[in-house]
Amino acid sequence: MKIDTTIVLKTLSGEVVKNEQGNPATLGQTIAGILTAPSREEGKFDHMKSFVLAQDLYTKNEVDIDTADFAKLNELLKGVKGYSSLIIGQILTELSKVAK
């Protein structure tokens, strides 16, 4: 399953969401941040798997992920704490398009 990591996240009014550096927040960079956060849910991916996937999501324009890891990623994102529904909702919406 191929994930387009360049999708820019938006506010409800359609404005671009900015990251901490003031740049547009992308799908890939945001998921990478979740995967590398200390508070990420343990058990979905081990540390090395999280690191490698986060690195790919952060640096590549498109990431090919197998079905099992895609399912784990979706479950992790559904339970993530510390991010708004605006952000997680957009990520899950985009990932659901990939799953079709």
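Readers should treat all values here as calculations from the given coordinates under stated rules, not as data from a laboratory. The structure presented is a predicted model; accordingly, all values stated were derived computationally and were not measured. As a convention, Cβ positions derive from the backbone with ideal geometry for all residues, glycine included, and neighbour counts pool all protein chains shown.
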Checklist entry - What FRET efficiency do you get for M48 and A68 if R0 is 25 Å and r is their Cβ-Cβ distance, rounded to the nearest 0.05? => result 0.95
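Could you list T67, T5, T59 so that the one with the fewest beta carbons within 10 Å of its beta carbon is first and the one with the most is last? Don't skip to the answer; put the middle values down first.
On the way: T67 9, T5 21, T59 12.
Ranking T67, T5, T59 by Cβ neighbours within 10 Å, fewest first, gives T67, T59, T5.
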Checklist entry - What is the distance, in nm, between label points placed 7 Å from the Cα along the Cα-to-Cβ direction at K97 and at K10? => result 1.0
Checklist entry - What is the Cα radius of gyration of the chain over 2.2 N^0.38 Å, N being its residue count? => result 0.99
